Amino acid sequence: MVSPASTPPPCPFEKRFPSQLVRDDLFFMSLAYNQAIDAWRRDEVPIGCVIERDGEVIAMAHNTVESAQDPTAHAEMLAITQAAAAIGDWRLEDCTLYVTKEPCPMCSGATLMSRLKRVCYAVPDPKMGCLGGATNLNELARVNHRVELAAGGPLEDECRELLQAFFRLKRASPEPPPRDAAGDAASPSP
């Protein structure tokens, strides 16, 4: 059975408009936060990611798991792919990844495999985070690359509030009835 795209709960959060004059962690995390708001507005889990190199944004993405029906379409994975294409190399050695929530096991592995210089995340994830939350892949003894970490950084409270509000509102809204492949309401089983 195929379910129709649900309507996301209205997003009560406003985008941030940071000054272009100071390109620091707060600036880049603000851009990642804006990506998370874009994800919410598309009924995706509101996680956003930005990758910068030499003070310039070379990639930005948000989760598209639901719309792409792709379990690997996390913000970090999409941004890493964009960044590699932008610089023409899979080694992102001079790049920093900013993400609104600590990367999961898949995305944490990708940060190491892509040779990112630094990862800055806003909200630690003690359940599934793998750069310090549930575990830390960066500390594996035999890993051949390590990233610099900045955990619980700029906009931690704002990013946490965004995630919590999204799930609180999703749980409060009634689910639409399941649909079949043709988009018709599925008939109940006898």
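The values are calculated or read from the model by the stated rules, or taken from the named source; none is laboratory data. Note that this is a predicted model, so its numbers are computed, not measured. Reconstructed Cβ throughout: ideal geometry from the backbone, glycine too, with neighbour counts over all protein chains shown. Ligands, DNA and RNA are excluded from the accessible area calculation, which covers all protein heavy atoms including side chains. Shrake-Rupley method; radii C 1.70, N 1.55, O 1.52, S 1.80 Å.
Numbers below:
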read-out	value
When residues of region 169-190 are limited to those that are surrounded by 11 or more Cβ atoms within 10 Å (Cβ to Cβ) and within 22 Å of the chain's Cα centre (by Cα), the one modelled with the highest pLDDT	LEU169
Answer from ALA59, ALA39 - the residue that is within 29 Å of TRP90 (Cβ to Cβ) and in a helix (DSSP H, G or I)	ALA39
Test: residue in region 75-88 that is open to solvent by 60 Å² or more (accessible area, probe 1.4 Å), touching a helix residue (DSSP H, G or I) at 6+ places or on another chain (Cβ under 6 Å) and either under 21 Å from LEU162 (Cα atoms) or not in a loop (DSSP other than H, G, I, E, B) (or both)	no
Extreme residue, farthest from LYS101 (Cα to Cα), among residues of region 43-57 that are open to solvent by less than 20 Å² (accessible area, probe 1.4 Å) and among the hydrophobic types (A, V, I, L, M, F, W, C)	ILE51
Qualifying residue in region 107-114 (condition: touching a strand residue (DSSP E or B) at 6+ places or on another chain (Cβ under 6 Å), under 14 Å from LEU92 (Cβ atoms) and crowded, with 17+ Cβ neighbours inside 10 Å)	yes
Tally, over region 58-74, of residues that are open to solvent by less than 60 Å² (accessible area, probe 1.4 Å) and under 21 Å from GLY152 (Cα atoms)	4
Filtered residue count, region 1-42, keeping only those that are farther than 20 Å from PRO103 by Cα and not polar (S, T, N, Q)	21
